[in-house]
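Everything below concerns the one structure shown next.
The values are calculated or read from the model by the stated rules, or taken from the named source; none is laboratory data. No experiment lies behind these values; they were computed from the predicted model shown. Note that each Cβ is placed from the backbone with ideal geometry, even for glycine, and that neighbours are counted across all protein chains shown.
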Amino acid sequence: MKYEGMIFRPPSEADSLILQVTAGCSYNRCTFCSAYQGKAFRIKSFEEVKEDIDEASSYRSGIQRVFLADGNALTIPQKGLVRILDYLKLKLDRLERVGIYANAKDILQKEVSELEDLRRSGLGIIYLGVESGNREVLKRIKKNATIDQLIRAGRRVKESGILLSVTVLLGIGGVEKSKAHAEDTGKILSEMDPEFVGALSLMVVPGTPIEKEIETGRLILPTPFGLIQELETMIENCQFTQCFFASNHASNYLPLRIRMPEEKEEALRRIREVLRRKDPALLRPEFLRAL
Ligand code: SF4
């Protein structure tokens with residue numbers, strides 16, 4: 001497999017074959033993100049991708065899941081993406097699901113019928129980074145999407161029958177916007193009603209624009225218990241039909257896995273107990289936190 005640069009994938013794709021169909025992120029300007037810094041964006045040719053699929057199918061049998069990297073592979077024009085998905089189906093006879101990262105604009109460039117075609121060709125889950133439901137925070141982090149676009153994108157994925165997994169970032173609004181960020185993020189998630197939510201905590205990567213904001217005091221990060229307070233407020237504001245909400249990413253101080261709506265109240269009780277005791281021993285130790 002010919003991978004270019006560092007490869008990122010969602011935690012839930014740990015056992016998947018990672019197939020790099022694009023290199024980098026076509027946007028690459030979110031202020032907190034260093035994932036594809038210095039990596040020029042390009043869409044790989046079908047021949048390059050085909051070679052990797054051929055190679056993977058020859059040495060690894062029984063592949064059931066594939067994740068299409070990099071940053072926003074859904075930006076590949078429809079015909080090219082269908083061609084890759086169809087070839088995967090042809091070569092991997094046990095294939096059950098293909099996943100992909102997307103941003104809101106990639107999704108909105110596709111009609112529901114096009115997303116349905118992708119689903120029929122095997123695309124089973126789209127991972128969408130929302131980060132915050134607060135207008136000012138989205139602007140500040142240069143997310144390149146409005147609240148309305150994010151909600152429409154999420155709903156469009158759901159309408160097509162593809163699973164929707166959304167990530168949000170605790171701490172991204174700083175102390176100043178902490179409460180508004182948590183409330184508004186709970187609300188936007190409810191509007192989107194995704195099947196999966198992953199709440200991560202902001203970890204500041206050297207060299208990113210957000211690091212400068214912190215160094216100059218323009219952004220003050222919440223404390224670990226401040227982040228847990230955000231988690232509480234966010235969950236309080238979440239109303240889902242059926243969602244698996246996880247804060248078990250390595251960046252978080254309090255790992256939780258919550259089936260909503262059934263386990264929402266129990267999770268809130270647990271969070272409130274941690275906030276009441278304010279005992280650092282209840283948190284994931286700093287040295288175990290990672291991106
Ligand atoms: S769209 Fe995603 S991958 Fe691209 S810069 Fe923003 S957070 Fe990073």
Taking the range 1-34 and keeping only residues that are near the ligand (Cβ under 10 Å from one of its atoms) and at negative phi, one is left with Phe8, Cys25, Ser26, Tyr27, Arg29, Cys30, Thr31, Phe32, Cys33, Ser34
Within the range 188-207, is there a residue that is surrounded by fewer than 22 Cβ atoms within 10 Å (Cβ to Cβ), over 26 Å from Cys30 (Cβ atoms), modelled with pLDDT of 95 or more and in contact with a helix residue (DSSP H, G or I) (Cβ under 9 Å, 6 or more places away or on another chain)? no
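Determine whether Ala290 is of a type in the set (A, V, I, L, M, F, W, C), in contact (Cβ under 8 Å) with a residue 12 or more places away in the chain, over 17 Å from Ser132 (Cβ atoms) and part of a loop (DSSP other than H, G, I, E, B).
In short, yes.
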Can you tell me which residue among Ala23, Ala40 is crowded, with 16+ Cβ neighbours inside 10 Å, farther than 23 Å from Val168 by Cβ and not hydroxyl-bearing (Ser, Thr, Tyr)? Ala23
List pairs: first residue in the range 1-26 and of a type in the set (D, E, K, R), second residue within 16 Å of the ligand (Cβ to nearest atom) and not in a helix (DSSP H, G or I) anywhere in the structure, Cβ distance under 7 angstrom, at least six positions apart or on different chains. Glu4/Gln20; Glu4/Ala23; Arg9/Ile18; Arg9/Phe67; Arg9/Ala69; Glu13/Phe67; Glu13/Gly99
Out of everything in the range 35-44 that is outside any strand (DSSP E or B) and more than 8 Å from the ligand (Cβ to nearest atom), what residue ends up being modelled with the highest pLDDT? Lys44
From the option list Leu164, Leu254, single residue qualifying as of a type in the set (A, V, I, L, M), more than 19 Å from Glu136 (Cα to Cα), touching a helix residue (DSSP H, G or I) at 6+ places or on another chain (Cβ under 6 Å) and modelled with pLDDT under 95 is Leu254
In the range 78-104, which residues are within 16 Å of the ligand (Cβ to nearest atom) and touching a helix residue (DSSP H, G or I) at 6+ places or on another chain (Cβ under 7 Å)? Gly99, Ile100, Tyr101, Ala102, Ala104
Can you tell me which residue in the range 39-56 is nearest to Asp70 (Cα to Cα), limited to those that are of a type in the set (Gly, Ala, Ser) and without any contact (Cβ under 8 Å) to a residue 24 or more places away in the chain? Ala40
Residue hits (the range 166-180; over 17 Å from the mean Cα position of the chain (by Cα) and on the phi < 0 side of the Ramachandran plot) are Gly173, Val175, Glu176, Lys177, Ser178, Lys179, Ala180
When (1) away from the ligand (no atom under 16 Å from the Cβ); (2) small (Gly, Ala, Ser); (3) surrounded by 17 or more Cβ atoms within 10 Å (Cβ to Cβ) are applied to Gly171, the one that fails is (1)
Please go through the range 46-62 and pick out each residue that is in a loop (DSSP other than H, G, I, E, B) and over 14 Å from Lys89 (Cα atoms). Arg60
How about the range 63-75: which of its residues are assigned to a loop (DSSP other than H, G, I, E, B) and within 15 Å of the ligand (Cβ to nearest atom)? Asp70, Gly71, Asn72
Looking at (1) buried (at least 23 other Cβ atoms within 10 Å of the Cβ); (2) more than 16 Å from the ligand (Cβ to nearest atom); (3) within 21 Å of Arg9 (Cβ to Cβ), find the lone condition where Ala182 falls short. (3)
How about the range 75-106: which of its residues are in contact with a Leu (Cβ under 6 Å, 6 or more places away or on another chain) and either on the phi > 0 side of the Ramachandran plot or β-branched (Val, Ile, Thr) (or both)? Val98, Ile100
